[in-house]
Amino acid sequence: VEGKVDSIEGKIDDMEDKMDNMDGVLRTILDLMTQGSSTPAPSSVPSSAPVPCVDTAGKVVHNGSKRNWCNIARNANNPNKVCRNNDLFDICPVTCGRCSP
């Protein structure tokens, strides 16, 4: 019984140490949020929004022209060239090879 009590007390001490460490981390986060920081926080957020893996259907205005851009690229002899020359990667990601449906 005495060995179990010692084991439990050791676990309690470990948990208290972890809680103290967590308290320090939370205080640092709170300070950064309220006071700001000259160093930007690391981010796993992409620099641009993810592009859905589906071509835009129908006519859309792109580069000042309303056309069915994805059909134009899809039916071209060289779809990659049409995509590149007209910057269609965001509106026609499947046709332009950015993703697979």
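Residues in the range 29-52 that are surrounded by 10 or more Cβ atoms within 10 Å (Cβ to Cβ) and either modelled with pLDDT of 75 or more or in contact with an Asp or Glu (Cβ under 8 Å, 6 or more places away or on another chain) (or both): ILE29, LEU30, LEU32, MET33, VAL51. The number of residues in the range 1-23 that are of a type in the set (Gly, Ala, Ser) and surrounded by fewer than 10 Cβ atoms within 10 Å (Cβ to Cβ) comes to 1.
The values are calculated or read from the model by the stated rules, or taken from the named source; none is laboratory data. What you see is a predicted model, and the numbers here were worked out from it, not measured in a lab. Counting neighbours? That spans all protein chains shown, and the Cβs are built from the backbone with ideal geometry, glycine included.
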